1. So in region 22-43, with the set limited to residues that are hydrophobic (A, V, I, L, M, F, W, C) and under 22 Å from the mean Cα position of the chain (by Cα), which one is modelled with the lowest pLDDT?
2. Since A232 meets every condition but one in (1) in contact (Cβ under 8 Å) with a residue 40 or more places away in the chain; (2) aliphatic (A, V, I, L, M); (3) closer than 20 Å to P76 by Cβ, which condition does it not meet?
3. Checking the conditions here, which among P229, P280, P235, P200 is farther than 27 Å from M52 by Cα and assigned by TED's automatic domain parsing to the domain that holds V100?
4. Consider M96 carefully, then state whether it is in contact with an Asp or Glu (Cβ under 7 Å, 6 or more places away or on another chain) and within 17 Å of L263 (Cα to Cα).
5. Between residues in region 127-151 that are farther than 24 Å from T178 by Cβ and at pLDDT 95 or above and residues that are β-branched (V, I, T) and not in a loop (DSSP other than H, G, I, E, B), which pairs lie under 6 Å by C-beta distance while being six or more apart or on different chains?
6. Only residues that are surrounded by fewer than 21 Cβ atoms within 10 Å (Cβ to Cβ) and at pLDDT below 55: list them for region 172-182, please.
7. So, in region 208-236, exactly how many residues are more than 20 Å from V272 (Cβ to Cβ) and touching a helix residue (DSSP H, G or I) at 6+ places or on another chain (Cβ under 9 Å)?
8. Residue check: is I161 touching a Leu at 6+ places or on another chain (Cβ under 7 Å), buried (at least 19 other Cβ atoms within 10 Å of the Cβ) and farther than 18 Å from Y267 by Cα?
Amino acid sequence: MTDRIDWPADWNIERLHDDHLQGLRITTEFYDSATEHQRIRVFENPTFGRIMTLDGVVQVTEADNFIYHEMLTHVPILAHGNVRRVLIIGGGDGGMAREVLKHDSVEQVTMVEIDDGVLTFCREYLPGISDGAFDDPRLDLVIADGAVFMKENADLYDVIIVDSTDPVGPGEVLFTDTFYGHARARLAEGGILVTQNGVPFLQGEELTNTMRAFRALFADATCYLATIPTYAGGPMAFGWGTNGGARQTDLATLRARFDSAGLATDYYTPEVHQGAFALPPYVARLIP
């Protein structure tokens, strides 16, 4: 008996977790290059279309990226109700900026991406993800370490979105108490911080650690959920932290704001928004 498996060359095997693998068949490979920070790869899969991986781990697909991006943008923006300035940490594929910029009320978006190699190939190989967001004059693109930017920048934002990779390698620093503390200092009054916190069923410690930090920083600290097919193991958790009352925004108000914004969505609705905060016990128990 051996643990070695010789996988066919036309499969991408994700080894994010120690005790199981996820495989995606590659029909066409468009890009494969190691940058200073990470290995970037883009390939085609029959079900999910074009897929971007970083160090073998799926980050975004053409087919289901709308779920992730809609839920990390429209939930805080519509809950807040008066968002003018947004900060995105990460998000090099441009999907987060795409959804934020659908809100005409948003006046300025700052996007901080550590690796300009991600931006370069996403513009060329995944242009549908950003869908013109990089050309919007409201977008200020900064190539920098997100943790350093958060510490040194003095501007205030109504919503901060941390669209990070998993807490390994360059993304690890974006899951620390120090980083969250700096993010809290960058929020305007009533501002909201939302974060990517992995799949609780498989990455429960990640959510617990973030929520422990959030509980020390925010009057309202919790998470909400969305199910994204390419992230195996159940629904994904998004951290939520604010010192305002945005989470209590009623359904009628959410509907009015949604209609006023004129959004065309494929996952987000005001009803999904409210339901996403209803946590099953196995997730609720992970929050200190």
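1. Selected residue: L24.
2. Going through the list (1) in contact (Cβ under 8 Å) with a residue 40 or more places away in the chain; (2) aliphatic (A, V, I, L, M); (3) closer than 20 Å to P76 by Cβ, A232 breaks only (3).
3. P280
4. Yes, satisfied.
5. R138/V109; L139/V109; D140/T110
6. E172, V173
7. The qualifying residues number 9.
8. yes
The values are calculated or read from the model by the stated rules, or taken from the named source; none is laboratory data. Not measured: the values here are computed from a predicted model. A quick note on method: Cβ atoms are made from the backbone with ideal geometry, for glycine too, and the neighbour counts reach across all protein chains shown.
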